[in-house]
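The values are calculated or read from the model by the stated rules, or taken from the named source; none is laboratory data. The structure displayed is predicted, hence computed values, not measured ones. Don't worry about glycine lacking a Cβ; one is built from the backbone with ideal geometry, like all the others, and counts go over all protein chains shown. For the accessible areas, the whole protein counts, side chains as well, though only heavy atoms, and no ligand, DNA or RNA atoms are used. Shrake-Rupley method; radii C 1.70, N 1.55, O 1.52, S 1.80 Å.
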Amino acid sequence: MQDYQAPADLLQDRIIMVTGAGSGIGLAAAKAYAAHGATVILVGRTVSKLESVYDEIEAAGHPKPAIVPMNFEGAAVKDYEELAMTIEDNFGQLDGILHNAAILGDRSPVELYDPEIWNKVMHVNATAPFLLSRAMIPLLRKSTDASVIFTSSGVGRKAKAYWGAYAVSKFAVEGLSQLLADELDDERHNVRVNSLNPGATRTNMRARAYPAENPQQNPAPEDLMPIYLYLMGKDSIGINGEQLDAQPK
């Protein structure tokens, strides 16, 4: 999967939502999906960053994306439901979601962890993907083959000291991914759901988590795109309920 060679038209005429599309892995994925024919719905909290991604995609001659400014920390249930109605009115269906938006929170022991920051991290990283998925399931079911990718983490599969709410939220993401994979694996088999651990990647979040690390030793987000394309395209039909890694172990 890590060496997958995506055909140029892999995502032609498909509608793909990417959260956290303003930077890092979300930015790279949005551009990669657009370059392979998708109309990408760019979701993020910083409008200027989304506009920059929009301009890059449009300048490259790819399908015109859509911008959805949304702060998951404060978004209400009705905001997700209204977004679903807007997507249905404009596109009719949804062919994929990359759940990528997340926040790091504190790196501290549990006994010293700020409860307010804990709640914020859990809401943005775990509750928001639940609310978004819940609202989008009817649109995913309208696709002939939809793919949902949840961004996991190594500390969401084996917890490590001082990772606090981030680790726990990623365990929740793994659970939600497995739950949806089982629930949506029905007689139509049209929605597949998997979790993907990107591993150490040259992103702002990684730099905050490991300030003493040389970022150049890690791959850039663009280097990981083969597996992101594979999971979002038709070649991954039949891959469901898996815990996958973007980098070889």
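Odds and ends about this structure:
- Per the listing GLU222, GLU183, the residue uniquely over 18 Å from VAL121 (Cβ atoms), out of contact with any Phe, Trp or Tyr (no Cβ under 8 Å at 6 or more places or on another chain) and free of Cβ contacts under 8 Å to residues at least 40 places away in the same chain is GLU183.
- Close pairs (6 angstrom Cβ cut-off, 6 or more residues apart or separate chains): polar (S, T, N, Q) in the range 111-139, open to solvent by 20 Å² or more (accessible area, probe 1.4 Å) anywhere: ASN125/ALA102
- Where helices (runs of 4 or more DSSP H) fall wholly inside the range 144-249, the ranges with 3 or more residues that are crowded, with 20+ Cβ neighbours inside 10 Å are 164-183, 225-232.
- For the range 109-124, the criterion of being under 15 Å from MET17 (Cβ atoms), among the polar types (S, T, N, Q) and at pLDDT 95 or above is satisfied by no residue at all.
Yes/no per residue for (1) in contact with an Asp or Glu (Cβ under 8 Å, 6 or more places away or on another chain); (2) farther than 16 Å from PRO129 by Cβ; (3) among the aromatic types (Phe, Trp, Tyr); (4) modelled with pLDDT of 95 or more:
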position	(1), (2), (3), (4)
LYS158	no, yes, no, yes
TYR166	no, no, yes, yes
ALA172	no, no, no, yes
ASN190	yes, yes, no, no
ARG202	no, yes, no, no
ALA212	no, yes, no, no
TYR228	no, yes, yes, yes
GLN247	no, yes, no, no
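- Every residue from the range 26-73 that is closer than 16 Å to LEU98 by Cβ and hydroxyl-bearing (Ser, Thr, Tyr): TYR33, THR39
- In the set (1) open to solvent by less than 60 Å² (accessible area, probe 1.4 Å); (2) farther than 23 Å from GLU174 by Cα, MET122 fails one condition alone, (2).
- When we screen GLY44, GLY24 for residues that are closer than 26 Å to ASP245 by Cβ, open to solvent by less than 50 Å² (accessible area, probe 1.4 Å) and touching a residue at least 60 places away in the same chain (Cβ under 8 Å), the only hit is GLY24.
- Matching residues, the range 199-230, being closer than 17 Å to ALA32 by Cβ and out of contact with any Gly (no Cβ under 9 Å at 6 or more places or on another chain): ALA220, GLU222, ASP223, MET225, PRO226, ILE227, TYR228, LEU229, TYR230
- Pairs meeting the criteria (first residue in the range 153-166 and among the polar types (S, T, N, Q), second residue modelled with pLDDT of 95 or more, beta carbons under 7 Å, at least 6 apart or on different chains) are SER153/LYS170; SER153/ASN197.
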